[in-house]
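The values are calculated or read from the model by the stated rules, or taken from the named source; none is laboratory data. It should be emphasised that the depicted structure is a prediction, and the values quoted were computed from it without experimental measurement. Because the Cβ atoms are built from the backbone with ideal geometry, glycine has one as well, and the counts that use them run over all protein chains shown.
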Amino acid sequence: MTTVKKKMIGSNKKPTFDIYLNIEVTGERFAIHKITGDTKIKDLKIHVELVAGIPYTLQRLHYLDKTDMVDTSDLKHNDIVAGATIDLKLWKMWENTVSVIVKGGLKEIIALGLTLDKSWEKLDKAFYKHKVETAKEKLQVALFLAAHRNNTELLKALLDLGADINHKTSMGRTALHMAASQGNSECIDIMLGRGASIELFDVQGNSPVDTANAWGKKDSERHLFLYQWQTRAAKVNPKKDQPLMMHQQFDSTLPTWLKGDYGQIYFANTLPPGQFSGNKLNAPLRKPPKSKGAHVENAACNKKSSAQGQTQGQTQGGNPEDEINFDDEKEDG
């Protein structure tokens, strides 16, 4: 007797698990869901950019031996298992900056040197350029964190200071991506009102709308989708002399369009040429449209015939021919 082995459904699917991320300088802890042992450290850092709001280039991921994990290695190689906690450390120059942005007040954050100082103009050109670039970079990192942490007050202040609302990280994410991943609809509305672009895509090909959808933030997705629809609709130039659709031609609430002779005209005109213009076996085929002004002539003819019918109905037992002859005799008199 032969035995048949049953094929296991989903047997090739790799098991997923959750781990945790600890940011030492801020004391924050985040959960990272549905990863596998084959997940590369580089891909994990790309994901962490949205999980923690820390740009990719600032991240240093540590585990157990407290050394930087190599980007090309995977979680299995680093012995990372379900429920493990990874430490996110920052480069030394960014530790205090990120800590103050996350935990400090508005005055403390602005005091970090996010704007240009006139005293820098006296410095050496190379050093002055370095100071300017560092200030701009700090301003953008602060913008990302404000959008990610839903700090609307800080967000407005940074935009007033000249932060580039469409600035991208090395992974192509903007502050709008950060807010979309966390469902911060209030921050999203502020940035859209300040000119944030909804058509920018990250290295994974995701727009802010895609990001909100992937992270299950339905309210933010609706905000972004509605704005995207309105933006695209505003760019559409309607064609001139474009023929109206049928419901546009005969859209009326007048009773004459719903019953009577005009109602029959309305019904007939909705049929394409070649179709039967009634439900009887001897119903004629719909003819091609007449030249311009034909409907006006038909309406005038129907109105004239209707008036004649009313005159005849008012004459009791009268003969139309007698009525005409009577008029002729009156004229002769």
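Here are Thr97, Thr57: which of them is crowded, with 17+ Cβ neighbours inside 10 Å, assigned to a helix (DSSP H, G or I) and not hydrophobic (A, V, I, L, M, F, W, C)? Reasoning before the result, please.
On the way: Thr57 fails: crowded, with 17+ Cβ neighbours inside 10 Å.
Matching residue, one of Thr97, Thr57: Thr97.
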| Inside region 35-58, can you point out the residues that are more than 24 Å from Gly216 (Cβ to Cβ) and of a type outside the set (D, E, K, R)? | Gly37, Ile41, Thr57, Leu58
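Could you tell me whether region 22-32 includes any residue that is of a type in the set (Asp, Glu), under 25 Å from Thr152 (Cα atoms) and surrounded by fewer than 19 Cβ atoms within 10 Å (Cβ to Cβ)?
At the first step, the residues of region 22-32 found to be of a type in the set (Asp, Glu) are 24, 28.
Applying the additional criterion that residues be under 25 Å from Thr152 (Cα atoms) yields 24, 28.
This time we only want the ones that are surrounded by fewer than 19 Cβ atoms within 10 Å (Cβ to Cβ), so: 24, 28.
Yes.
Have a look at Gly113, Gly172 and point out the one that is at pLDDT below 90 and either assigned to a loop (DSSP other than H, G, I, E, B) or within 28 Å of Val51 (Cβ to Cβ) (or both).
Values: Gly172 fails: at pLDDT below 90.
Exactly one of Gly113, Gly172 is at pLDDT below 90 and either assigned to a loop (DSSP other than H, G, I, E, B) or within 28 Å of Val51 (Cβ to Cβ) (or both), namely Gly113.
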| message | Just to be sure before I move on: is Asp43 under 31 Å from the mean Cα position of the chain (by Cα) and either over 21 Å from Lys136 (Cα atoms) or part of a helix (DSSP H, G or I) (or both) in the structure I sent? | response | yes
| Unique residue being closer than 25 Å to Gly27 by Cα, outside the structural domain of Lys45 (by TED's automatic domain parsing) and in contact (Cβ under 8 Å) with a residue 24 or more places away in the chain when the list is Ile165, Ile109, Ile198, Ile190 | Ile109
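Quick grid of which residues meet (1) at pLDDT 95 or above; (2) aromatic (Phe, Trp, Tyr):
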| site | (1), (2) |
| --- | --- |
| Ile19 | yes, no |
| Asn22 | yes, no |
| Phe30 | yes, yes |
| Ile46 | yes, no |
| Ala52 | yes, no |
| Thr67 | no, no |
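Residue-wise test of (1) surrounded by 16 or more Cβ atoms within 10 Å (Cβ to Cβ); (2) closer than 30 Å to Pro15 by Cβ; (3) not assigned by TED's automatic domain parsing to the domain that holds Gly162.
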| site | (1), (2), (3) |
| --- | --- |
| Asp68 | no, yes, yes |
| Asp71 | no, yes, yes |
| Ile80 | yes, yes, yes |
| Lys118 | no, no, no |
| Leu123 | no, no, no |
| Val132 | no, no, no |
| Gln140 | yes, no, no |
| message | Against the definition (assigned by TED's automatic domain parsing to the domain that holds Leu116 and at pLDDT 95 or above), how does Gln204 come out, yes or no? | response | no
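Ile19 - would you say it is more than 22 Å from Arg173 (Cα to Cα) and not in a loop (DSSP other than H, G, I, E, B)? Give the derivation first.
Details: more than 22 Å from Arg173 (Cα to Cα): yes; not in a loop (DSSP other than H, G, I, E, B): yes.
So Ile19 fits the description; yes.
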| request: Might you check whether a residue that is touching a residue at least 12 places away in the same chain (Cβ under 8 Å) and closer than 22 Å to Arg29 by Cβ occurs anywhere in region 121-142? | output: yes
